[in-house]
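Visitor: Structure below; questions to follow.
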Amino acid sequence: MKTKKRNMVPYFFILPAFLIHVCIVAIPSLSTFVMSLYDWNGLGNGKFIGLDNFIEIFQDPIVKKAIWHNIQWLLIFITIPLILGFTAAILISSLHRSQMLFRTIYFIPYVISAAVAGRIWMAYMNPYYGLNNFFAKIGLESLSKMQWLGNPKISLFSVAFVDNWHWWGFIMVLFLGALQQIDPTLYEAARVDGANRFQELWHVSIPGIRPTIAFVLIMTIMWSFLTFDYVYVMTKGGPAYSTEILATYIYGNAFVKYRAGYANALCVVQSVICIFIYFFQKWVSKKGGLEDD
């Protein structure tokens, strides 16, 4: 009996990408786990301490605060920008001549560097000028005295507002692109059957963009636990750890306190949390009909 020869050509094509992935992703990921078992300052030789770093993590009150802030960030970003982006996409998709103008205007914040946007909004939120000065001139005294980044009760939400200003336009473009791929005859059939605008939205638009909704949810969940730029630029985790998230706490331990071993352990914990939330979201999406089995 002749054995079927396996075509090796496709494997040679994917081999370069696979080797790059191994060198840039797989090996550093493995080294992160290995170094999480060491007491290491990031420069010299580390001292093997086993699971002591992980034991400290579960006893560290700042870690609990950081995880809670990441959860708050996640709850904000799986609601507000998705609702804004989807609503704007529905409205803009009904336009014809000026559609490109609105798409460009709403997408512009996304192309601005986080460092630049963060610094601009820091100036706007300065208690001595910017927004506070504007509120004072129009008679809103309570808002004119607000410490947007200095009040621990609202500082996290102030930074989240800026990140949302940057993020939701990108979500809108994704939804708008998905809506334009829906077959127009489906809307015509719905109108013939007497469907109103809300019924068209519920029974045609949303089912037609289910893969995009699932993709946006996955991205939002992952990036909510990996967010770093706006928090670091605007508050560096302060005041009094009120905006500290896992990414900024990892950075502080690795490059400020020179506790690279502990920072690696925090990276492992962050990765485990992201993996768990990812599979939980996939399960919820399948149960809710956003993804096919």
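The values are calculated or read from the model by the stated rules, or taken from the named source; none is laboratory data. All of these numbers come straight from a predicted model, not from anything done at the bench. Cβ atoms come from the backbone with ideal geometry, glycine included; neighbour counts cover every protein chain shown.
Visitor: I want to confirm something. Restricting to the stretch 191-210 and keeping residues that are within 31 Å of the chain's Cα centre (by Cα) and β-branched (Val, Ile, Thr), which single residue is surrounded by the most Cβ atoms within 10 Å (Cβ to Cβ)?
Guide: Ile209
Visitor: Among all residue pairs at least 6 apart or on different chains, which show Cβ distances below 8 Å where the first residue, located in the stretch 227-243, is touching a residue at least 40 places away in the same chain (Cβ under 8 Å) and the second is charged (D, E, K, R) and surrounded by fewer than 17 Cβ atoms within 10 Å (Cβ to Cβ)?
Guide: Val233/Arg119; Ser242/Lys153
Visitor: Tell me which residues, restricted to the stretch 151-178, are assigned to a helix (DSSP H, G or I) and among the charged types (D, E, K, R).
Guide: Initial filter on the stretch 151-178 (assigned to a helix (DSSP H, G or I)): 155-178.
Residue satisfying the conditions is Asp163 alone.
Visitor: Tell me, yes or no, whether the stretch 216-238 has at least one residue that is assigned to a helix (DSSP H, G or I), buried (at least 17 other Cβ atoms within 10 Å of the Cβ), touching a Lys or Arg at 6+ places or on another chain (Cβ under 7 Å) and at pLDDT 90 or above.
Guide: Yes - at least one qualifying residue is present in the stretch 216-238.
Visitor: Does Lys282 meet the test of being modelled with pLDDT of 90 or more and either charged (D, E, K, R) or out of contact with any Phe, Trp or Tyr (no Cβ under 8 Å at 6 or more places or on another chain) (or both)?
Guide: Values: modelled with pLDDT of 90 or more: no; either charged (D, E, K, R) or out of contact with any Phe, Trp or Tyr (no Cβ under 8 Å at 6 or more places or on another chain) (or both): yes.
For Lys282, the condition - modelled with pLDDT of 90 or more and either charged (D, E, K, R) or out of contact with any Phe, Trp or Tyr (no Cβ under 8 Å at 6 or more places or on another chain) (or both) - is not met.
Visitor: Let me ask another. Only one residue in Thr212, Thr185, Thr220, Thr235 is in contact with a Ser or Thr (Cβ under 8 Å, 6 or more places away or on another chain), over 24 Å from Met35 (Cα atoms) and of a type in the set (Ser, Thr, Tyr). Which one? Outline the logic, then answer.
Guide: On the way: Thr212 fails: in contact with a Ser or Thr (Cβ under 8 Å, 6 or more places away or on another chain); Thr185 fails: in contact with a Ser or Thr (Cβ under 8 Å, 6 or more places away or on another chain); Thr220 fails: in contact with a Ser or Thr (Cβ under 8 Å, 6 or more places away or on another chain).
Criteria check complete, one pass: Thr235.
Visitor: Quick one: which residue in Ala254, Ala263, Ala247 is within 20 Å of Met219 (Cβ to Cβ), small (Gly, Ala, Ser), part of a helix (DSSP H, G or I) and out of contact with any Asp or Glu (no Cβ under 8 Å at 6 or more places or on another chain)? Please lay out each step first, then the result.
Guide: Details: Ala254 fails: within 20 Å of Met219 (Cβ to Cβ); Ala263 fails: within 20 Å of Met219 (Cβ to Cβ).
Ala247 is the lone residue from the list that is within 20 Å of Met219 (Cβ to Cβ), small (Gly, Ala, Ser), part of a helix (DSSP H, G or I) and out of contact with any Asp or Glu (no Cβ under 8 Å at 6 or more places or on another chain).
Visitor: Check every one of the helices (runs of 4 or more DSSP H) wholly within the stretch 5-76 and list those with 2 or more residues that are surrounded by 14 or more Cβ atoms within 10 Å (Cβ to Cβ) and in contact (Cβ under 8 Å) with a residue 60 or more places away in the chain.
Guide: Working: elements: 9-21, 27-35, 52-59.
By residue number, 27-35, 52-59.
Visitor: Okay, next question. Given the conditions (1) more than 22 Å from Ser31 (Cα to Cα); (2) part of a helix (DSSP H, G or I); (3) of a type outside the set (A, V, I, L, M, F, W, C), report the number of the one that Gln181 does not fulfil.
Guide: (2)
Visitor: Suppose the filter is in a loop (DSSP other than H, G, I, E, B), within 24 Å of the chain's Cα centre (by Cα) and not charged (D, E, K, R); does Trp148 pass it? Can you show your working first?
Guide: Values: in a loop (DSSP other than H, G, I, E, B): yes; within 24 Å of the chain's Cα centre (by Cα): yes; not charged (D, E, K, R): yes.
Yes.
Visitor: Considering only the stretch 196-206, I want to know if a residue exists there that is outside any helix (DSSP H, G or I), farther than 30 Å from Asn45 by Cβ and charged (D, E, K, R).
Guide: no
Visitor: So, in the stretch 80-111, how many residues would count as being surrounded by 11 or more Cβ atoms within 10 Å (Cβ to Cβ) and not in a helix (DSSP H, G or I)?
Guide: 1
Visitor: Now a separate question. How many of the residues making up the stretch 112-145 are out of contact with any Phe, Trp or Tyr (no Cβ under 9 Å at 6 or more places or on another chain), outside any helix (DSSP H, G or I) and within 26 Å of Gly169 (Cα to Cα)?
Guide: Qualifying residue count, the stretch 112-145: 2.
Visitor: Kindly provide the set of residues from the stretch 136-190 that are farther than 28 Å from Gly118 by Cβ and surrounded by fewer than 14 Cβ atoms within 10 Å (Cβ to Cβ), ordered by number.
Guide: Result: Gly139, Gln180, Gln181, Asp183, Pro184, Thr185, Glu188, Ala189.
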